[in-house]
1. For Arg122, what accessible surface area do you get with a 1.4 Å probe? Give it in Å², rounded to 10.
2. For segment 80-92, just list the computed ³J(HN,Hα) in residue order, Karplus coefficients 6.51, -1.76 and 1.60, θ = phi - 60°, integers in Hz, with x standing in for Gly and Pro.
3. log₁₀ I(q)/I(0) of segment 35-113 at q = 0.12, 0.24, 0.25 Å⁻¹, via Debye over equal Cα point scatterers, no solvent, to two decimals?
4. Determine the calculated [θ] at 222 nm for the chain from helices alone, applying -39500 (n - 2.57) to every DSSP H run no shorter than 4 residues and normalising by the residue count; nearest 500 deg cm²/dmol.
5. Between (1) 9.1; (2) 11.0; (3) 8.2, which entry matches mean projected area of the Cα convex hull in nm² as derived from the coordinates of this structure?
6. Sorted by accessible area with a 1.4 angstrom probe, largest first, how do Asp100, Asp16 fall?
7. Given labels modelled 7 Å from the Cα in the Cβ direction, how far is it in nm from Val54 to Asp82?
8. Taking only C-alpha pairs under 8 Å that are 6+ residues apart, what is the relative contact order of the chain in percent?
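The values are calculated or read from the model by the stated rules, or taken from the named source; none is laboratory data. None of these values were measured; they are calculated from a predicted model. Cβ coordinates were reconstructed from backbone atoms using ideal geometry, including for glycine residues, and neighbour counts include every protein chain displayed. What goes into the accessible areas is simple: the full protein's heavy atoms, side chains included, and nothing from ligands, DNA or RNA. Shrake-Rupley method; radii C 1.70, N 1.55, O 1.52, S 1.80 Å.
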Amino acid sequence: MALHEWLLGRAHALRDARAALASAEDGEDAEHIVAAAILGILYADLGWQIAEIVLPRSVREDELGALAMRNALLQMSSPLFDQALSAFGACASSAVGSADPTVERWARFCDEESERLVDAPRPIATGAGDDPAEDESDD
């Protein structure tokens, strides 16, 4: 239950941060760039925290159980990594296209963070039914 409460608290904090940054996301270049970078950091941080949760000893001792639990955690973190990549991409592309030379360092920062996330752990496919698109193609 503690994990559920922690996840819920983090989800609410992320939602609140997103709402607080909404006007900056629609603001001038520098505001948009920094807001996108902050959102990228928040999404990536939560994704890494979930992906790196240490499994309880009782779960680790059961190889299949540990694999299933690790995969479930990666399924939770994967969309967060995707959101972070999107935010860092928006940051970098806006910074590169900006007439404001003071945002150049943000482009580098967001590019570096994007590169780090490319190697973020992802869930493994466990068989039929994992990809909804596959299910539709059988029609």
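1. 80 Å²
2. Values, residue by residue: 5, 5, 5, 5, 5, 4, 5, 5, 5, x, 5, 4, 5 Hz.
3. Scattering profile of segment 35-113, log10 relative to I(0): -0.45, -0.97, -1.01.
4. Numbers: 6 runs with 106 residues, N = 139.
Theoretical 222 nm ellipticity from helices: -25500 deg cm²/dmol.
5. For mean projected area of the Cα convex hull in nm², the calculated option is (2).
6. Working: Asp100 55, Asp16 85 Å².
Descending accessible area places them as Asp16, Asp100.
7. Label at Val54, label at Asp82, 3.1 nm between them.
8. With pairs under 8 Å counted, the relative contact order is 25 percent.
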